[in-house]
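Remarks on the structure that follows.
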Amino acid sequence: MATPRPIRSMDPYAEQFWAYTQKKEFRLQKCCDCGKFRWPPGPTCDKCLSDEFEWAAMGGQGKVLSWTTFRRGYFPEYPAPHTVIVLELDEGPLFVAYPVDMEVADLREGMTLSLRWTDGQDKYGEYNLPVFGPVSS
Amino acid sequence: MAVSFDRERLGPLKDTVAVVGVGETDYGADYRGAGGKAMAKGEVRYDSYTLASRALKRALDDAGLKKDEIDGLCTGPTLSSERACELWGMNPRWSGSGDAAQCIIEAAMAINCGLCTTVALVYGNAQRSMDTAYGGSRVTGGGITSYFYYAPWGLTSQGALYALLFQRHKLLYGTTDEQLGAIAVAFRKHACMNPNAVMQKPITIEDYMKAPYVAEPLRLFDYCLINDGGVAIILRRADMAKDCRQTPVMVSGFGWSEENVDATQLRPRLKDFYHTAHREVAAQVYPMAGVGPKDIDVFATYDSFSVHLLASLEGFGFCKEGEGGPFVQNGRIEIGGELPCNTSGGMLSESYMQSWNHQPELVRQLRGGLGQRQVQGAEVAQYVHDVAGKCKSIIYTKGG
C-alpha cells in the first residue's frame, strides 16, 4: 500500500499532472504559443490566454529559494518536525516539495537539488510525489 | 500594468469623505471566560452577527447618527449583506463588500458618485467560537490557492507561507530573529496601553526568543490571535460630517494594486516580497494625500504575522529593501519612537479582526486623547493592507 498523504486539490488539469507521476514523469504545462510554463496546472496561459499547451518534461533540477520547518503538527501524515522547501526549477517555475536524503541543517540558499520520487495515495488513488535531494555525484 | 497616479481624476477625491464614527466589541473581555481564562476554541459564546451588530450600534452612537441616516452598507467577512440588511432593518441605496481597505475605497467612490452619502462598514467574526481553521486537514482539497495546494507535501497554513517569506529575507539580507522579535515586543507593549486589547502582559525579547517555533523561523509571538470580535466604521460625505458628534477624520488618500502572477507558485511572495504592488500603491496614495513616508505620524499594517511589517516598510519606502530588520529595532516603531506602528497592539496582541481594528485605532489617534497610548501631535496616519499580493493603502488626516 502506498503512503497516505493529505488530499490533493484535483481538477481535470491536475489529474493529468498526477497521471504522469504514475510513470515517474515530471511534466509541467508549457504554452504552445508563447512558451510560458505554468504551475499549478490550468486551462489557460496567464501570459497570452492561449489554451494550447503541451506537457513538457522537466529536467528535474532546481535551486533552493527558501524553506520552513513545521514544529507544530498540522497533518497526521506529517508529524513535526517536517521541513518544506521551495525551489526555482531550471526551466523557471517555482516548485514546492520537501527535501530527502539530506539533513535540513545542510540546506543552503541557491543550492541545486534534483528530483526523486516517493509514493503517495489519497481518495483519488495512488501516485508518485516529486521530492528533491542532493545532486548525485 | 504599471500603475500611475491619475491626478485629474483621483486627486480631487482627497478629503471628500470623512470617518465620522467607529465602534468595536470588547475584545479582551470577550476573550476571557469564567475566572479570566481564555475561552476554548469551539466554545461558542457569540455568532458573527451578534458581534457585528454590537459594533454597528457603537459606531452609530460614536457618530451621533441614527441607523435610518445610513444609506449605504459595506459588509466584511463573515457576513452576508442580505442577512445583515434584514437584521438591521436597512434598505441601502448602495452596498458593497470586501476587506476593510477595499470597503473604504469602494464607499468613497460610491459617495463621490452620488449613490449614497453615509455608509456603514461592518465586520463580524466569531472565529474563536466557531474554531475557524487556518491550516491543516480542515482546509484542504478545494480549489487552487497556495495555502492548501501543497498539502500532499505537508505545506499548509498562512503562517508557513509567511515563514517562507521571512526565511528568504534572512537568507538574502541577514535579517535576524531578534530583529523580527522587536515587532512582536513593540506591539505587545502597545496592547498593554490599550484596555480593550486581548493581551495585557508585556513580553521581552527573551520571552520572544524562548517561545516555541510554529513554522520555523516564525515563533508563537509572530502569529496573530484567534479571537471573536466585530468592528464598524461610518463614512460620510465630508460636507455633511460636521453635523456629527466627533471631529471628522478625513480620508485623504488611497491606492490599490495587486500582484497575482504565479501567486500559487509563491513567486511574488519569495522573489519580490510583494514590493511591486507596494510601490504601485505608494505611487497613488502619497501624491493623492500630498504627503510622503516622512510625514506619516502613525502607521499600521496588516499583521496576521509580524513579518508583514518588514515587507510593507521596505515596499513603501520607509527604509531600503533589506533594511527592515535594523529599522524596527531600538524603539523606532514604538509609541514615542520615530514611526509608531500598530499602536493598538495590532492583530498580534489587540485583536485579529483581519485589519478592521486598525481603522478605528488610526481614527482615534488622529482625534487625540488616548492617554499614554496617544502618539503626540498625530496628524497623518497610514494603513497598509499587504495581504498575499492584494495591496491597498489608506491615508487619514486630522479634520478641522
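Here is how the numbers come out for the structure above:
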read-out	value
Any chance B:Val291 is under 22 Å from B:Thr397 (Cβ atoms), assigned to a loop (DSSP other than H, G, I, E, B), away from chain A (no Cβ under 14 Å) and modelled with pLDDT of 95 or more	yes
Residue in the stretch B:211-226 that is in contact with a strand residue (DSSP E or B) (Cβ under 9 Å, 6 or more places away or on another chain), β-branched (Val, Ile, Thr) and at pLDDT 95 or above present	yes
Residue match in the stretch B:1-19 (condition: farther than 22 Å from B:Tyr396 by Cα and either out of contact with any Leu (no Cβ under 6 Å at 6 or more places or on another chain) or surrounded by fewer than 17 Cβ atoms within 10 Å (Cβ to Cβ) (or both))	yes
Any hit, the stretch B:161-173, residues being assigned to a loop (DSSP other than H, G, I, E, B) and either out of contact with any strand residue (DSSP E or B) (no Cβ under 6 Å at 6 or more places or on another chain) or under 28 Å from A:Gly120 (Cα atoms) (or both)	no
Residue among A:Gly60, A:Gly125, A:Gly35 that is surrounded by fewer than 19 Cβ atoms within 10 Å (Cβ to Cβ), on the phi > 0 side of the Ramachandran plot and either within 17 Å of the chain's Cα centre (by Cα) or within 11 Å of chain B (Cβ to nearest Cβ) (or both)	A:Gly60
Residues of the stretch B:37-52 classified as in contact with a Phe, Trp or Tyr (Cβ under 7 Å, 6 or more places away or on another chain) and buried (at least 18 other Cβ atoms within 10 Å of the Cβ), total	2
Matching residues in the stretch B:248-284 - criterion: being away from chain A (no Cβ under 14 Å) and part of a loop (DSSP other than H, G, I, E, B)	B:Pro248, B:Tyr274
For B:Thr175: the one exception among (1) within 16 Å of B:Leu270 (Cα to Cα); (2) buried (at least 22 other Cβ atoms within 10 Å of the Cβ); (3) within 9 Å of chain A (Cβ to nearest Cβ)	(3)
Subset of the stretch A:90-106 (residues that are more than 10 Å from chain B (Cβ to nearest Cβ), touching a strand residue (DSSP E or B) at 6+ places or on another chain (Cβ under 9 Å) and on the phi < 0 side of the Ramachandran plot)	A:Asp90, A:Glu91, A:Pro99, A:Val100, A:Met102, A:Asp106
Extreme residue, farthest from the other protein chains (Cβ to nearest Cβ), among residues of the stretch A:74-89 that are aromatic (Phe, Trp, Tyr) and touching a residue at least 24 places away in the same chain (Cβ under 8 Å)	A:Phe75
Unmet criterion (only one of (1) closer than 29 Å to A:Met1 by Cβ; (2) in a loop (DSSP other than H, G, I, E, B); (3) within 10 Å of another protein chain (Cβ to nearest Cβ)) for A:Val131	(2)
Elements of type helices (runs of 4 or more DSSP H) in the stretch B:321-400, at least 2 residues being modelled with pLDDT of 95 or more and under 13 Å from the mean Cα position of the chain (by Cα)	B:346-349, B:358-367
Lone unmet requirement of (1) over 30 Å from B:Arg32 (Cα atoms); (2) free of Cβ contacts under 8 Å to residues at least 24 places away in the same chain for B:Ala133	(1)
Considering residues of the stretch B:108-156 that are aliphatic (A, V, I, L, M) and facing chain A (nearest Cβ under 10 Å) only, the residue nearest to B:Met240 (Cα to Cα)	B:Ala133
Qualifying residue in the stretch B:191-198 (condition: on the phi > 0 side of the Ramachandran plot and in a loop (DSSP other than H, G, I, E, B))	no
Any hit, the stretch B:305-312, residues being surrounded by fewer than 23 Cβ atoms within 10 Å (Cβ to Cβ) and of a type in the set (Phe, Trp, Tyr)	no
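A quick yes/no check of all residues on (1) more than 19 Å from B:Phe221 (Cβ to Cβ); (2) of a type outside the set (Asp, Glu):
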position: B:Val307; (1), (2): no, yes
position: B:Glu323; (1), (2): yes, no
position: B:Pro326; (1), (2): yes, yes
position: B:Gly331; (1), (2): no, yes
position: B:Ile335; (1), (2): no, yes
position: B:Leu339; (1), (2): yes, yes
position: B:Met347; (1), (2): no, yes
position: B:Tyr352; (1), (2): no, yes
position: B:Asn357; (1), (2): no, yes
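The values are calculated or read from the model by the stated rules, or taken from the named source; none is laboratory data. On a predicted model such as this, the values are computed, not experimentally measured, just so you know. We place every Cβ from the backbone using ideal geometry, glycine too, and count neighbours over all the protein chains shown.
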